[in-house]
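The values are calculated or read from the model by the stated rules, or taken from the named source; none is laboratory data. Predicted model, so just to flag it, every value in this text is computed and none were measured. FYI the Cβ positions are ideal-geometry reconstructions off the backbone, even for glycines, and counts take in every protein chain you see.
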């Protein structure tokens with residue numbers, strides 16, 4: 001399995017609080033991605049990174065920001081969490097990006113009350 | 001609506017073959033992927049096919065691609081109870097970020 005660690009694995013928090021999820025990889029892959037998974041929607045891309053300090057928006061980026069200060073870490077931040085952001089969040093990585101398969105972490109289950 | 005569509009549910013008997021279907025809309029798709037998700041886990045890459053191929057076989061898995069109809073299928077031979085999971089197809093249009101568009105997933109239930 002690809003060396004991807006997501007933390008925390010579970011989190012419960014209140015509306016309006018900031019939340020940061022971490023994705024850590026040991027594969028030295030260039031590309032990293034954040035998805036959310038909701039029933040009936042499959043996975044939808046939030047943001048992705050194509051290198052240190054290089055990020056871009058995905059399909060559902062509103063309300064989320066990301067940072068990548070080193071190759072191995074990709075952080076997803078909810079500045080002011082809302083109940084609609086209750087979801088399971090997955091990090092993925094791929095090597096060289098284009099046409100390389102993505103490999104996924106085990107996910108973070110986030111509940112916002 | 002979604003660009004990638006799958007039926008929601010499939011039930012088969014242990015030992016039978018399973019066929020999970022997927023349709024996509026982007027004719028510029030370059031790679032198509034199948035992932036498996038077991039409860040509480042992430043997505044596990046099963047196999048993928050390049051868009052200029054018609055078929056790919058990998059042990060019990062056979063992927064068929066009909067590019068004209070934009071139809072992708074995953075056949076699992078001799079289905080086992082351990083194959084029970086949600087299966088996602090995804091397409092990549094080969095952008096520099098290799099962004100994937102996923103279907104909603106098909107839940108496969110294998111009955112003993």
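One line per residue, one yes/no per condition, for (1) surrounded by fewer than 19 Cβ atoms within 10 Å (Cβ to Cβ); (2) closer than 30 Å to residue B:52 by Cβ; (3) within 14 Å of another protein chain (Cβ to nearest Cβ); (4) under 10 Å from the mean Cα position of the chain (by Cα):
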position	(1), (2), (3), (4)
A:70	yes, no, no, no
A:96	yes, yes, yes, no
A:100	yes, yes, yes, no
A:107	no, no, yes, yes
Condition set loosely packed, with under 14 Cβ neighbours inside 10 Å and over 13 Å from residue B:101 (Cβ atoms), scope segment B:28-40, selection farthest from the chain's Cα centre (by Cα): answer is B:40
Condition test on residue A:24, is it under 27 Å from residue B:7 (Cα atoms) and either modelled with pLDDT of 95 or more or within 10 Å of chain B (Cβ to nearest Cβ) (or both)? no
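Scan segment A:42-69 for residues that are free of Cβ contacts under 8 Å to residues at least 12 places away in the same chain and under 15 Å from residue A:107 (Cβ atoms) and report the count.
Going through segment A:42-69 one residue at a time, the tally reaches 1.
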Please give the number of the condition residue A:49 fails out of (1) out of contact with any helix residue (DSSP H, G or I) (no Cβ under 8 Å at 6 or more places or on another chain); (2) more than 11 Å from chain B (Cβ to nearest Cβ); (3) surrounded by 15 or more Cβ atoms within 10 Å (Cβ to Cβ). (2)
Identify, from the list B:104, B:94, B:82, the residue that is at pLDDT 90 or above, in contact with a strand residue (DSSP E or B) (Cβ under 9 Å, 6 or more places away or on another chain), within 27 Å of residue A:96 (Cα to Cα) and not in a strand (DSSP E or B). B:104
